[in-house]
1. Based on DSSP, what percent of beta bridges with both residues in segment 75-164 are antiparallel, to the nearest 5?
2. Which three extents, in whole angstrom, do the alpha-carbon atoms of segment 176-217 cover along their principal axes, largest first?
3. Pick out, from Pro280, Ala313, Ala226, the residue whose Cα sits farthest towards the positive end of the charge dipole of segment 203-354, with +1 on the Cβ of Lys and Arg and -1 on the Cβ of Asp and Glu.
4. What does DSSP give for the chain in terms of the percent of beta bridges that are antiparallel, rounded to the nearest 5?
5. Ranking request for peptides 356-363, 181-188: highest mean number of other beta-carbon atoms within 10 Å first, then the rest in descending order.
6. Return a whole-number percent for the relative contact order of the chain, with Cα pairs under 8 Å and 6 or more residues apart as the contact set.
7. Ranking request for peptides 19-25, 73-79: highest mean number of other beta-carbon atoms within 10 Å first, then the rest in descending order.
8. Using modelled amide H (1.01 Å from N, peptide plane; none on Pro or chain starts), what sits under 5 Å from the amide H of Ala129, excluding residues fewer than 5 places away?
Amino acid sequence: TGTHRVPGGDPMSNMSEDEVFAALADRLDVAAAQPLAVAALSSPPLAKRLLAALLDLATGPDKSQQAATAALALAFQVALSQDGTAVARYAAAADDQAPPVGVLLLGFGGASQQALRPHAEFYQRLWPAWRVVATTRAGVVGEHAAAAYAEQRRNVCDALHGCGRLLVHILSNNGHYLWVDLLRSAVGQACFADRLAGLIFDCAAVEMSALAASSMEAVVLQTVRAGALHHGLTATLRDEAAQARLQAVGAALVSSDFSLGAGGAPGAASVFEAQVALEPRAPALVLTSEQDAVLPAAGVRAFAASLRTKDRAARLEVLRGQHVQLLRSDPKAFAVAVHNHVGVCELPGPQVDMARVLELQADLLADDVEVRSGMAAWSESRLRGYLESGGEDPWSPAAV
């Protein structure tokens, strides 16, 4: 503590921790804390200390609105993932390094590994032979953040190594953004192009342009409060005056040009455009609730409709519960919806090996159609469609 430094071109980035916190307290210099926010991605104690200082700035009665809104913006970035870029791997019951299915959980804004554990345990309970991997997109920006996010993507794909087919369970707009970020990367494309079997969009996704200011304020404030609770910073949460100031600062922040994140931002139109251009057309299950006050059901319905194409199944299920709480609030309906979707995705399903690929190629008189080793991870229906069409993958990304 007090000695961590992050190198960079800006002289501020070479300040020690103590110097940065002094700048926050004395000069209200939020920009000086950005390099430490990057370092906090891999240091929970630093994340806690930084979030505490930022909350003091955002809720202090004698602080200027400019300093308060800047502090809340950075607090949101820090709290978007409570465990930074950490990737958790839940081994299968008899993990022989080659489980038939890997499930990737992509967390909502403000999620921690602890918050994602009920979803991981849900899959472990119903399909103990599967491996579960969980992570959450962080929102910190800065010169050195890109390297941390690139490592996170590599760690995700490394954790899924050896799994047969993959099911991706996406929570809220934050999970949706990380999914698209994976698709944009070379490592993600190599990981998912052949092995992706299905997608679950859980309370996701909605374009921010379709959301009311109140919904955007809820995104910011719930995320920051989740961070405070996660790190045990409960004094601010219990202080009614501080919470009233935080509400006002949140409204001011949302009315500014704050982008709710980095590099395109969760909910940005460009993120949805990239999804269409890059995502294999695997079967999708979209879950929503009429009680969701963060991403309203109407917006999620529109998203589900946008996924449906002639060659793609995208089913919408309306459950009961608050945002990203459908598993807890409506566990039976949640389990039925996911179980049915697993059947649609042919999971775990019989494993297609290269011998079966070549056998189908011969049976369908498709000797002139190119096959490759990765097709051993395809479902038989996808493989048949490819061979019968003369080499057109029915799951290739939709044309834009």
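1. Details: 4 of 11 bridges.
Around 35 percent of the beta bridges assigned by DSSP in segment 75-164 are antiparallel ones.
2. 40, 19, 13
3. Ala313
4. Values: 5 of 34 bridges.
Restricted to the chain, the bridges split so that about 15 percent are antiparallel.
5. Details: 356-363: 14.8, 181-188: 17.6.
Final packing ranking: 181-188, 356-363.
6. Numbers: 736 pairs, mean separation 58.4, N = 400.
Computed value for the chain: 15 percent relative contact order.
7. On the way: 19-25: 17.7, 73-79: 26.3.
Put in order of decreasing packing, that is 73-79, 19-25.
8. Those qualifying (amide H under 5 Å, at least 5 residues apart or on another chain) are Ala93.
The values are calculated or read from the model by the stated rules, or taken from the named source; none is laboratory data. Note that the structure is predicted; figures quoted are calculated from it, not measured. Here Cβ is always computed from backbone atoms with ideal geometry, including for glycine, and neighbour counts include all displayed protein chains. We work out accessible area using only protein heavy atoms, side chains counted, and drop any ligands, DNA or RNA first. Shrake-Rupley method; radii C 1.70, N 1.55, O 1.52, S 1.80 Å.
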